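S.K.: Before I ask anything, here is the structure I am working with.
The values are calculated or read from the model by the stated rules, or taken from the named source; none is laboratory data. Just so you know, these numbers come straight off a predicted model, no measurement behind them. Virtual Cβ from ideal backbone geometry, glycine too; neighbours counted across all protein chains shown.
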Amino acid sequence: MNPTTLSNFIAGAWQQPHGRKTLPVENPSSGAVIAFVPLSGMNDVELAVRAATSALPSWSAMPIKERVQIFFRYRALLEQHANELAELVYTENGKILSEAMAEVDKSIELTEFACSMPQLISGEILEVSRGVECRIDRYPVGVVASITPFNFPAMVPNWTIPNALALGNTMILKPSELVPLSSCRLAELLKEAGLPDGVLNIIHGGQEAVEAICDHSGIHAVTFVGSTKVAKIVYQRATSHLKRAVCLGGAKNHLIVMPDAHEEMTASNVAASMSGCAGQRCMAASAMVAVGPVDHIITRLVEESKKIIPGKNLGAVISKIAKERIERYITEAEQQGAKILLDGRNTKVTGKENGYYVGPTVIDFVKPEMNIAKEEVFGPVLSIIRASDVDEALKIENANPYGNAASVFTQSGGIARYVAEHVSAGMVGINIGVPVPREPFSFGGWNESKFGSGDITGKSSIEFFTKLKKTTTKWNPEARKNWMS
């Protein structure tokens with residue numbers, strides 16, 4: 001089948017962009033080109049903003065209990081088309097099919113949470129004085145935009161789409177140009193569920209499209225998920241145009257392993273955290289801080305990691321460029337004196353020789369000053385840093401500029417509590433390698449892993465996607481007066 005050229009989704013229909021430039025979309029597992037994605041610009045964003053602006057009055061005026069009925073239907077369609085969506089994620093992202101299906105299952109959970117919005121945003125009212133009442137109601141922000149990454153083509157768009165739209169906003173979605181297919185199918189399912197035209201619009205493209213979104217005066221809020229470097233730029237550019245913005249960046253998550261940690265559970269959890277989604281997730285374990293005598297756990301960790309087989313239970317990384325970058329980090333660490341316990345470089349998968357695979361890699365005796373210890377590798381690579389005690393481990397963790405997640409593996413409740421209280425991260429795990437909060441708890445890190453206030457998932461998303469209106473009313477002129485009246 002010849003690769004197709006994608007279109008933008010504007011006002012409920014597929015529309016060709018103004019420009020002719022495109023990029024190839026590859027299947028990372030095989031290297032084959034599966035589509036061409038257009039590189040949209042300001043003119044295309046303008047059309048999407050007009051469509052979203054036109055749809056906003058009627059959509060926001062619809063009672064929220066009616067709006068969420070669409071998302072009940074959307075949830076059913078996600079479930080009905082789960083296998084198809086998982087195949088799309090598998091094809092354009094390269095992760096294994098079970099991981100792709102888990103991503104679809106998480107999208108269903110996110111939609112379920114959006115369906116609960118009527119119960120979560122009911123207005124507040126209080127008689128503050130005799131005959132005087134104050135009332136708070138929530139209103140949508142307006143036209144919002146969501147810029148999403150390559151590593152979760154279905155889940156991350158669903159971090160924002162159901163909540164933002166259920167709360168009465170209209171949206172422009174700019175998916176990663178590396179994985180545009182899943183977002184296109186989500187738009188079709190939402191239309192089938194009854195979403196009015198113009199409420200959700202999709203603009204494909206790269207830097208020019210992102211800059212147009214940040215600059216456009218008709219867009220009132222922007223969310224971004226991607227690297228820290230770009231998150232900073234998007235946050236600064238969007239807020240300079242007086243928009244609300246929450247931009248999630250990269251991570252360097254440390255898993256502190258104490259000598260009393262449960263050997264089997266720790267080894268399997270750390271290995272899974274390091275290699276899940278080929279390490280291409282901002283919650284992946286990229287550094288293990290080994291405290292004291294834990295060589296028995298490291299030996300077991302290597303054995304567990306050897307069970308992770310590229311092409312079988314380990315997917316491809318997103319591109320040839322990513323594979324080369326990851327392998328350079330490994331080689332540099334080896335040259336600087338680190339010890340390779342398990343080497344995933346130069347991996348080839350039979351039948352998929354042109355795929356972009358990096359095998360699970362475990363590197364011991366990494367020094368905190370090495371690049372592999374400081375920078376986000378975004379691959380199935382675990383660096384082991386040695387520490388003499390828990391305070392040194394915390395010092396190593398807290399010295400890194402990121403703050404997405406951190407975990408501790410121990411059977412001591414006191415140490416677990418001590419680490420949870422002192423670690424500089426927004427999400428903490430205790431004997432959990434990937435401490436992702438489940439709904440209604442929100443996802444979000446600290447430090448250079450997040451720019452902006454609030455979060456874009458869970459209950460915190462309500463604050464981001466709505467604005468408050470406070471109304472004070474006096475009905476009874478005969479009521480006894482005091483200074484508050």
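S.K.: Within the group E103, E92, E66, E109, which residue is modelled with pLDDT of 95 or more, of a type in the set (D, E, K, R) and closer than 30 Å to W475 by Cβ?
M.R.: The unique qualifying residue is E66.
S.K.: Mind telling me which of the residues G429, G452, G403 ends up being crowded, with 20+ Cβ neighbours inside 10 Å, among the small types (G, A, S) and touching a Gly at 6+ places or on another chain (Cβ under 6 Å)? Steps first, answer last, please.
M.R.: Working: G429 fails: touching a Gly at 6+ places or on another chain (Cβ under 6 Å); G452 fails: touching a Gly at 6+ places or on another chain (Cβ under 6 Å).
Residue meeting the stated conditions: G403.
S.K.: While we're on this one: Looking at L56, L23, which one is in contact with a strand residue (DSSP E or B) (Cβ under 6 Å, 6 or more places away or on another chain) and assigned to a helix (DSSP H, G or I)?
M.R.: L56
S.K.: Would you check if E353 is assigned to a helix (DSSP H, G or I) and of a type outside the set (A, V, I, L, M)?
M.R.: For E353, the condition - assigned to a helix (DSSP H, G or I) and of a type outside the set (A, V, I, L, M) - is not met.
S.K.: Follow-up. Is it true that S107 is surrounded by 24 or more Cβ atoms within 10 Å (Cβ to Cβ) and over 24 Å from P38 (Cβ atoms)? Quick ask: steps written out before the conclusion?
M.R.: Numbers: surrounded by 24 or more Cβ atoms within 10 Å (Cβ to Cβ): yes; over 24 Å from P38 (Cβ atoms): yes.
Spelling it out, S107 is indeed surrounded by 24 or more Cβ atoms within 10 Å (Cβ to Cβ) and over 24 Å from P38 (Cβ atoms).
S.K.: Tell me which of these M171 doesn't satisfy, since it passes every other one: (1) more than 30 Å from R281 (Cα to Cα); (2) in a strand (DSSP E or B).
M.R.: Failed condition: (1).
S.K.: Kindly list, by first and then second residue, each pair from a residue in the stretch 456-477 that is at positive phi to a residue that is assigned to a loop (DSSP other than H, G, I, E, B) and at pLDDT below 95, limited to pairs with Cβ atoms under 9 Å and residues at least 6 apart or on different chains.
M.R.: G458/P437; G458/R438; G458/E439; G458/P440; G458/F441; G458/S442; G458/F443; G458/G444
S.K.: How many residues are surrounded by fewer than 22 Cβ atoms within 10 Å (Cβ to Cβ) and within 20 Å of the chain's Cα centre (by Cα) if we restrict to the stretch 188-210?
M.R.: Qualifying residue count for the region: 2.
S.K.: Do we have any residue at all in the stretch 342-360 that's of a type in the set (V, I, T) and either closer than 25 Å to A261 by Cα or not assigned by TED's automatic domain parsing to the domain that holds R300 (or both)?
M.R.: Taking every residue of the stretch 342-360 in turn, none turns out to be of a type in the set (V, I, T) and either closer than 25 Å to A261 by Cα or not assigned by TED's automatic domain parsing to the domain that holds R300 (or both).
S.K.: Considering only the stretch 80-101, state which residues are charged (D, E, K, R) and in contact with a helix residue (DSSP H, G or I) (Cβ under 6 Å, 6 or more places away or on another chain).
M.R.: Within the stretch 80-101, E92, K95, E99 qualify.
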